[in-house]
Every structure is written in C-alpha cells, then in structure tokens.
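Working notes, structure below.
The values are calculated or read from the model by the stated rules, or taken from the named source; none is laboratory data. All of these numbers come straight from a predicted model, not from anything done at the bench. Counting neighbours? That spans all protein chains shown, and the Cβs are built from the backbone with ideal geometry, glycine included.
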Amino acid sequence: MLISVKTMSQLYMFIVLFSALVAVASASYRCGDNGNWYFCNLKLNEIHIVMTHNSLSFKRGIAKNQSRNLVSQFRDGVRGFNFDLYPCPQLGYPNPNCDVIWTQHGGLFQDYDPTKEIKALVAELQKSEYRDEVIVVQLQNGLDGNRIESREIDYLTGLFGELLIQKEKEYLDNANLRDAIEADQRVYLTTNEEADDKKYFFRSADVIGENHWKWKKCNRLIKRVRKEMPLTCRTGPTTKCKKNWEGKPILLMNSMCGVPDYTNKKCRLLKNAKRMSSSSIFDDSRYPNILMVDFYHKGEVFEAQRCLRAGNVGGNGCETCDKME
C-alpha cells in the first residue's frame with residue numbers, strides 16, 4: 001500500500017504536534033519540584049499549620065495582636081491568616097484613603113486599607129520558592145454588623161485571583177492538595193458571613209470546626225493565666241464545631257490568652273491539642289489542623305507545629321505540660 005507524499009507530510013506534522021504536546025504536559029509543574037513535599041500528599045483536614053489571629057493588626061497601639069506584617073509572617077512560616085474586614089468607612093465620599101475594603105481593631109490604632117498588605121502577601125506566595133505552599137485565609141466579616149458584600153467580595157477575591165482554591169470540599173473529602181497546587185490554586189478562602197461559592201469564597205462553618213475563643217481568668221496586665229483553653233463550641237461568628245457532612249472538617253484551635261510567651265509555649269499548645277483531640281465535642285479524635293495564636297513570634301509555635309506534623313505529641317522532644325515552665 002502506497003502512502004502519498006501529502007499523507008506522509010500530514011502524518012509527520014501530527015507526530016511533531018503530538019510530541020510537542022507531550023513535552024509540554026511532561027514539563028508542567030509537579031508538586032514537590034521545589035523540594036517541599038509537605039502539602040502535596042495531604043488533604044486540608046490533614047495538614048498542621050500556624051494561623052495568626054487578627055493578622056492585619058500589627059501596626060501600633062494596645063490593640064496589636066501581632067508584631068510583624070503579612071509578608072514577614074509568611075516568610076517566618078505562618079500559613080494561616082485571620083482578617084477582620086469592612087467596607088470603606090464613609091469619611092467623606094469618595095474616601096481617598098481607602099479603595100474598597102478596610103480593616104480595624106481597637107479604634108483608630110489598627111484602622112487602614114489592607115490592600116497593599118494583601119497584594120504583598122500574594123506576590124510573595126507567587127515566588128518560585130513558595131510554589132508548593134498553601135495558605136488558609138479566614139475572614140471575620142464585619143463583626144460590628146457592617147459587613148462586606150458583593151462589591152467588596154469581588155474586590156477581595158480579585159486580589160487573590162487565580163490562586164483561589166476552587167472546590168469547597170474536594171480537598172477535604174477526596175483529593176490531596178497536590179491537584180490544587182499543580183493547578184496553581186493555593187489559597188483556601190473562608191468567611192463567617194456572605195459566602196459566595198461561585199467566587200471560591202466558602203462559608204467557614206461548613207468546612208472548619210473551631211473551639212470557643214474566650215479564655216477566662218486571662219488578663220495580660222496582671223498576668224493571671226489559665227492553663228487550658230475552653231473546649232466549648234465557638235458561639236460567634238462561626239457556631240458549628242462538629243462535622244456537619246459525611247466528611248471531616250478542618251479543626252481550628254483558638255489559643256489566644258494575651259500572655260503569648262506562656263500560651264505559645266510548645267508544651268502548652270500540645271497539651272491543649274491533646275485535650276481538643278480527646279474532647280467529645282470534636283469528632284474523630286484527631287489533633288487540630290490549625291493553631292490560631294497571637295504574637296506567634298513569642299514562644300514555640302513552630303516547635304508545636306513540628307511535633308504535630310511528626311505525629312509525636314507527648315514523645316521525645318514533644319512533651320506536654322500542665323504548668324508554666
């Protein structure tokens with residue numbers, strides 16, 4: 001059977017194109033190519049990360065919850081961020097000091113437009129050395145009732161752009177984060193109010209179970225300390241703390257006390273993680289996936305994270321304690 005020159009030419013072009021497509025596919029990014037495998041083979045409810053409480057409250061005054069900006073937090077190893085966001089205040093319209101969103105905490109001390117901070121965090125996450133990293137962002141939306149809505153949500157989700165993880169429960173129920181990372185979707189965005197799944201902005205209560213955040217007998221000024229955090233369900237803004245579908249939620253442990261050099265000690269964090277894992281309030285007897293802390297740079301939050309990741313809570317180098325040491 002003879003093959004015409006034209007057919008041969010077409011066959012050759014097909015082989016060339018097919019080879020090119022295979023080369024492109026094989027050259028596409030693979031999770032772990034940068035040498036960081038941690039997130040690749042885990043689901044969101046299997047990771048262990050540190051989240052900063054009121055991540056944007058670092059500037060000045062007694063209302064500070066952190067001492068470093070978002071980029072510094074990320075470079076230090078923080079992989080969870082908690083934002084308080086509001087619509088721009090009407091200080092005269094249009095307000096020249098605000099684009100669309102605003103953050104505030106403790107009056108005017110932490111009152112500013114966080115756009116530059118969030119853009120800087122996104123730019124950092126897009127650097128090649130962080131290509132295998134995933135972050136969880138939990139938004140506390142307008143806790144005084146002044147909530148961000150459609151316009152502000154469009155603006156916020158636009159800041160993260162294509163980095164947003166697009167499936168609410170896929171990386172809780174089925175797939176490892178490898179699939180999201182290789183698609184360059186590496187920001188899991190949740191909120192207590194005004195969620196919008198079409199914009200990849202998910203309701204926190206549907207995917208995160210968290211303990212109550214108010215410590216008793218815990219005063220920063222007089223150094224009265226409470227050894228253990230409360231294990232009751234958070235009463236607001238996120239009210240659910242048990243699993244509420246057939247899968248497993250992310251477990252978040254609020255560990256804020258105003259005495260960070262005590263509450264952020266490795267043994268204290270791990271002791272409370274053990275209590276949380278054995279509590280009947282939370283399901284499946286597993287350690288919290290997220291440690292939410294104030295002033296992460298004080299204490300040993302990353303040592304506690306290391307112990308959780310190693311599955312060695314209570315073991316050598318990962319002891320827990322019942323008193324201040």
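A few points about this structure:
- The requirement of being under 26 Å from Lys64 (Cα atoms) and surrounded by 18 or more Cβ atoms within 10 Å (Cβ to Cβ) is satisfied by Val301.
- Criterion: in a strand (DSSP E or B), at pLDDT 95 or above and surrounded by 13 or more Cβ atoms within 10 Å (Cβ to Cβ) - qualifying residue of Thr190, Thr157: Thr190
- Any hit, region 187-197, residues being of a type outside the set (Ser, Thr, Tyr), more than 24 Å from Cys233 (Cβ to Cβ) and touching a Phe, Trp or Tyr at 6+ places or on another chain (Cβ under 8 Å): yes
- Cβ pairs under 7 Å, 6+ apart, first in region 168-190 and touching a residue at least 24 places away in the same chain (Cβ under 8 Å), second of a type in the set (Gly, Ala, Ser): Lys169/Gly247; Tyr171/Ala180; Leu172/Gly247; Asp173/Gly247; Arg186/Ala180; Thr190/Ser204
- Scanning region 50-72 for residues that are surrounded by fewer than 21 Cβ atoms within 10 Å (Cβ to Cβ), in contact (Cβ under 8 Å) with a residue 24 or more places away in the chain and not in a loop (DSSP other than H, G, I, E, B) yields one hit, Val71.
- Evaluated against (1) crowded, with 22+ Cβ neighbours inside 10 Å; (2) over 23 Å from Asn45 (Cα atoms); (3) modelled with pLDDT under 90, Phe295 falls short on exactly one condition, (3).
- Gly80 vs. criteria modelled with pLDDT of 85 or more and at negative phi: yes
- Which numbered condition Lys127 fails, given (1) under 16 Å from the mean Cα position of the chain (by Cα); (2) without any contact (Cβ under 8 Å) to a residue 12 or more places away in the chain: (1)
- None of Asp179, Asp184, Asp206, Asp261 is in a helix (DSSP H, G or I), loosely packed, with under 15 Cβ neighbours inside 10 Å and either on the phi < 0 side of the Ramachandran plot or modelled with pLDDT of 90 or more (or both) except Asp261.
- The residue that is farthest from Leu189 (Cα to Cα), counting only those in region 250-306 that are in contact with a His (Cβ under 6 Å, 6 or more places away or on another chain) and aliphatic (A, V, I, L, M), is Met256.
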